[in-house]
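Below: the structure, in structure tokens.
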Amino acid sequence: MAANLPRRIIKETQRLVSEPDPGISATPSDDNLRYFNVMIAGPTGSPFEGGVFKLELFLTEEYPMAPPKVRFLTRIYHPNIDRLGRICLDILKEKWSPALQIRTVLLSIQGLLSAPNPDDPLANDVADHWKKDEAGAITTAKAWTNKFAMV
Amino acid sequence: MLLKVLTGDEVVRNAGSAPTFNLLGPNTTVQGITPNLFSRVNQSDPLFTLTSGFSATSVRSFEGNVAMDYGQSRDLDGPTLDDLVCEEKDIEEYKCPICMQILQSPRQCKNGHLYCALCIQKSLDKRAECPQCRVPLNLSELAKSLVAEKHLRALKVHCKYYLMREESKKPAHNAEVNWIVDPEGCQETFTQEEAERHESKCGYAPDLCMFGANCRVRKMTVEEHRDACPYRTITCDHCKKEIKLVSLEDHNVKCPEIVIHCELCQAEMKRGHLREHRRQQCPEEDIPCAYSEQGCDAQVKRKQMPRHMEESAASHLARVSQHLSQQLFQMSEDFKQSLKARDDKIRSLERALADQNFDIDWKMKNWSSLKKKSYLQSGEFELAGLKWYMGIYPNGDLPDARGHISLFLFLSSNCRGQKVGLRFSLRIMNHRNPNTKIVQNGFRANFPLVERPEEQVSKGWGAKRFTPCDEITEANGYLKDDLLFIQASITVCNIRWEVETANTSIVGYW
């Protein structure tokens, strides 16, 4: 079905490839130019440092009037990301704006890795762990990073 | 078009915006509440159109554009403004953050964030806020931006015939049209405001090849193309037929009017005559001997044929003789076979007919009145390929049979042939008791079928005194409701036929 790809998506894709942001890569799939394979490097100073996290990102027909669908494929110990990789981030839901882009979404997710927010959790058990024993939670997060996100 | 609904807000907005940025269509004259304030309204301003209740079709066509892509081009098929703009500097500020292309009919929020009119309308449908600063916003709060419009009008752009479509190698379903610089395209640049006027007259605009071919023709080269197109029609100098120039080479090796040489005898002739020449005249052509059917295998050049005929006359004669006798033998064999087949067929038909018994019923109503006649005859019936009938004399056929019924079986007089042997009986049936019928049995007769005028041979067989007339009464059971029931029971024993020579032609068999 895929009618002509909107020029906005073409432009965004070109820019993602030609001017990549540090620690972020997004490449469209060959057979579906609305599906992107994403990799985010764990930010320096976070428990995810050293890890490379794979995500998938899909632009629906409504994009940019509706947010892209993003999900972690690599397992991660994070209070705002559940075991299915779903992400609790306002701009991916009610705070979406068509002025946002793939790149701004990925930067926000990178930011979320640097600053976990246990007060707005998606994975309740991880959030509880984070609130009660932040040091222990960080240790677990590091262990998961070593176990699942090392290339 | 008549403008029906206008809010005061819109009047002010439109009044202030003239002259408007004309990108898509011609200006539309509006007869409104205050014509002096805004005598010209730009039809290409989609929000204006959508909110002012223009015809439904125009609204739908805009929605169609929106569904396809947020950014619009001057025309749906052509390159977009982004493809054509000359100076990239300063242009980033005039790009819509939603479609990421140069603003079309710019609109701004209270804080001055700019969007294409259609893009922001689509966004406000989802969420009533500015996508950039999230200040609460609705359709009526959107404002035009004179600065942006002025900047866009003054934008330096290329003519759209500066670019050409890049042939995409990707599969058609995700083929995006890519526009690349046409090395032979229009080099003119002008402000965006002047674009439409130029492009409507631009000589680089594509045009159709007048010969229906897929040639790349431009408006300014149409006339030259008439005499340059490889698909133009020309007349063949030889056969005078109209052909396409590109097919001339093909035609030249087929044209029947072109003079060529026979490759055997080198004689000159039109190509169309070559076949006939080779078949009838060419002295160098190998032809078979006229006696090939009689077995002469010689294949010599036409010019040498007379010599061959002379040299081989004796052998040809021998061949013809042999051939003829073979044919005669074959014919007589064929004839014998076909005769035998016919004989067999006749015999099988005879066998099929022999010993077959036929019963023919003749029921006579109103016997009491019929019997006053001297002779009564049944209808004809067919048997063994011949026609027959029965005849009854209620009071005898001749004086010596008076007081008796005479009953005969007759052969219809117009039958021809040799002889038919019959065994038959004639009966008068008893209605009450079938076993007491009156029977005259044991007729055996050879009906001669050849007319012999000198012999007065009767063609009827039966009994002169079949039964006394007074036997036939209701009381005896031979009449019922005045109905007399006669039955002939016939067995064909033997048929002999004579056939004449059929009138067939065997002329030309030799």
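For the range A:67-87, what are the residues that are over 29 Å from A:Lys11 (Cβ atoms) and either of a type in the set (Lys, Arg) or surrounded by fewer than 21 Cβ atoms within 10 Å (Cβ to Cβ) (or both)?
Scanning the range A:67-87 gives A:Arg75, A:Asp82, A:Arg83, A:Leu84.
(1) modelled with pLDDT of 80 or more; (2) in a strand (DSSP E or B): which one isn't true of B:Thr473, the others all being true?
(2) is the only condition that B:Thr473 fails.
Looking at the range B:156-195 only, could you name the residues that are within 14 Å of another protein chain (Cβ to nearest Cβ) and modelled with pLDDT of 75 or more?
Selection gives B:Arg165, B:Glu166, B:Asn178, B:Trp179.
Step by step: first the residues of the range B:117-131, then only those that are free of Cβ contacts under 8 Å to residues at least 60 places away in the same chain and more than 10 Å from B:Ile98 (Cβ to Cβ), then the one that is farthest from the other protein chains (Cβ to nearest Cβ). Which residue is that?
Across the range B:117-131, the extreme among qualifying residues is B:Ala128.
Any idea which residue in the range B:100-116 is farthest from the other protein chains (Cβ to nearest Cβ), counting only those that are polar (S, T, N, Q) and under 23 Å from B:Glu88 (Cβ atoms)?
B:Ser105
For every residue, the table says whether it meets (1) away from every other protein chain (no Cβ under 14 Å); (2) small (Gly, Ala, Ser); (3) touching a strand residue (DSSP E or B) at 6+ places or on another chain (Cβ under 7 Å).
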position: A:Leu57; (1), (2), (3): yes, no, yes
position: A:Ala66; (1), (2), (3): no, yes, no
position: A:Val70; (1), (2), (3): yes, no, yes
position: A:Arg86; (1), (2), (3): yes, no, yes
position: A:Leu89; (1), (2), (3): yes, no, no
position: A:Lys95; (1), (2), (3): no, no, no
position: A:Pro116; (1), (2), (3): yes, no, yes
position: A:Asp120; (1), (2), (3): yes, no, no
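Is it true that A:Ile81 is closer than 24 Å to B:Gln132 by Cα and within 15 Å of the chain's Cα centre (by Cα)?
So A:Ile81 does not fit the description; no.
Answer yes or no: is there a residue in the range B:331-347 that is modelled with pLDDT under 85 and either surrounded by fewer than 12 Cβ atoms within 10 Å (Cβ to Cβ) or of a type outside the set (D, E, K, R) (or both).
yes
Inspect all residues belonging to the range B:276-297 and state whether any of them is exposed (fewer than 15 other Cβ atoms within 10 Å of the Cβ), hydroxyl-bearing (Ser, Thr, Tyr) and farther than 30 Å from B:Cys209 by Cα.
yes
Name, by its number, the condition in (1) closer than 17 Å to A:Gln101 by Cα; (2) of a type in the set (A, V, I, L, M, F, W, C); (3) touching a Phe, Trp or Tyr at 6+ places or on another chain (Cβ under 9 Å) that does not hold for B:Cys133.
(3)
Looking at (1) within 59 Å of the chain's Cα centre (by Cα); (2) modelled with pLDDT under 90, which one does B:Glu88 not meet, given that it meets all the others?
Here B:Glu88 clears every test but (1).
For the range B:76-99, how many residues meet the condition of being within 16 Å of A:Ala99 (Cα to Cα), surrounded by fewer than 21 Cβ atoms within 10 Å (Cβ to Cβ) and either more than 11 Å from chain A (Cβ to nearest Cβ) or in contact with a Ser or Thr (Cβ under 7 Å, 6 or more places away or on another chain) (or both)?
Qualifying residue count, the range B:76-99: 3.
Looking at B:Asn214, is it within 14 Å of another protein chain (Cβ to nearest Cβ) and within 30 Å of B:Pro230 (Cα to Cα)?
So B:Asn214 fails the test.
Can you tell me which residue in the range B:361-392 is nearest to B:Ile405 (Cα to Cα), limited to those that are in a strand (DSSP E or B) and acidic (Asp, Glu)?
B:Asp361
The values are calculated or read from the model by the stated rules, or taken from the named source; none is laboratory data. The structure presented is a predicted model; accordingly, all values stated were derived computationally and were not measured. Backbone-built Cβ (ideal geometry, glycine too); neighbour counts: all protein chains shown.
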